[in-house]
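Structure, as structure tokens:
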Amino acid sequence: MSLKERINADFMEAFKAKDMNKKNFLGVVKGEIQNEVGRSGKDDDETVMGILKKIEKSLKQTNTAESLAELEYIKPYLPTLMDEISIRSIIRTFKKDGIDDVGKMMGAFNKAYKGQADNAVVSKIVKEVLA
């Protein structure tokens, strides 16, 4: 089942359960997906994931009780991120391979592990390992 189909199914489930907060929020997400599909012509999980990540970032920046509750609604659709130990291990491997520049290391990490780690954490670890 695609991400879009999961969101639609959860929307209907929230509607039937009369969970209006979740239904309304997922309705907004569905609208964002439709807008992006109409704009880009791409209707795949990567497009939906990009939208979800933008919404996640916005909700985290807002940081209110309502936005934190809404963040819980989209968490099931977001990938679990790598922990710091895994990131550190990968970065050390890059250093052993001769990559000794922050930009090059970040680029190599993002090329291989796009969307699997928080870039702020990766950047912090890269700077620590290269220091």
Selected residue (only one of 46, 56 is within 15 Å of the chain's Cα centre (by Cα), surrounded by 13 or more Cβ atoms within 10 Å (Cβ to Cβ) and part of a helix (DSSP H, G or I)): 56
Subset of the range 59-78 that is outside any helix (DSSP H, G or I) and loosely packed, with under 12 Cβ neighbours inside 10 Å - its residue that is farthest from the chain's Cα centre (by Cα): 64
In the range 1-21, residue modelled with the lowest pLDDT [restricted to those that are under 19 Å from the mean Cα position of the chain (by Cα) and part of a helix (DSSP H, G or I)]: 3
Hits in the range 95-112 - residues which are assigned to a helix (DSSP H, G or I) and surrounded by fewer than 15 Cβ atoms within 10 Å (Cβ to Cβ): 95, 96, 102, 103, 104, 107, 110, 111, 112
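The values are calculated or read from the model by the stated rules, or taken from the named source; none is laboratory data. All figures in this text were calculated on a predicted structure; none of them were measured in a lab. In this analysis, Cβ positions are derived from the backbone assuming ideal geometry, glycine residues included, and neighbour counts consider all displayed protein chains.
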